[in-house]
Amino acid sequence: SGGGLEPSGSGAFTPASWMLYLVTDARACAPRSVIEVVAEAVAGGVSVVQLREKGLPDRELLRISEDLREITSRAGIPLIMNDRADLALLAQADGVHLGQDDLPLPLARRILGSGAIIGISTHDPEEARAAEREGALYAGIGAFAATSTKADARSPGGVELVKRVRAAVGLPLVAIGGINAANAAAAVLAGADAVAVASAVMGAADPQAAAAEILGIVREARRERERRGTGK
């Protein structure tokens, strides 16, 4: 899809089907380029890519997003821009991921149109309910574990936080914050549909193998949850 903004009902563009949500992190993958590492991770089975590089100027973000757009389009998966609905539009990304202090969701929706995927970072059941009311297509929930990627990350809520949010909303949930191969299953068994990873894949010596490993763990945990009858 060259133009982005696929209808959110189609396959990979439906957040409920996501398992492995990759968040870019240039510092974790240095000296390799974000583009190179994302390409390898996507080959490992990533479901969706979020461009999140807080320190970069807009022009540089747009340049990187063009290359990422090619990678995600070829793979048939969505590209999400962190925070910036305006840049998501210019980059022909498939949507935007908003923090609690970013543009309100209805305004982001006005900029990006009805086909865009819009997700929101949430930290408790109340924020998740608000995201659902406003029409978010998924909620990020965290921080799950301690993370070095985000300077202002809240203290980790772990399994209990995911369980509480899962009980509160029907939205697809992406657990985020310090997730790796060791704790991904716990997040999914607690009720997350997907896990977001940054350094666990971006910083891996073999990003393709790291992505494939965590994807396998998530897939198995989702099956296990369905077997237990706690799946949605």
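Worth a mention:
- Within the accessible area of region 166-232 (1.4 Å probe), percent carbon and sulfur: 51 percent
- Calculated log₁₀ intensity ratio I(q)/I(0) where the Debye formula runs over C-alpha points of region 1-152, q = 0.17 Å⁻¹: -0.98
- To the nearest 10, the accessible area of residue 154 is 130 Å² with a 1.4 Å probe.
- The label-point distance for residue 228 and residue 182, in a model that sets each label 7 Å from Cα toward Cβ, rounds to 2.1 nm.
- Computed over protein heavy atoms with a 1.4 Å probe, the accessible surface of the chain works out to 43 Å² per residue.
- Surface composition of region 10-147: carbon and sulfur atoms hold 53% of the protein heavy-atom accessible area at a 1.4 Å probe.
- Note on the chain: GNM, Cα springs under 10 Å; of 38, 169, 48, the largest mean-square fluctuation is that of 169.
- Three-way shape label, region 113-204, alpha-carbon gyration tensor, a/c 1.5: prolate
The values are calculated or read from the model by the stated rules, or taken from the named source; none is laboratory data. Remember, it's a predicted structure, so these values are computed and weren't measured experimentally. No Cβ is skipped: glycine too gets one built from the backbone with ideal geometry, and neighbour counts run over all protein chains shown. The accessibility values were calculated without ligands, DNA or RNA, using every heavy atom of the protein model including side chains. Shrake-Rupley method; radii C 1.70, N 1.55, O 1.52, S 1.80 Å.
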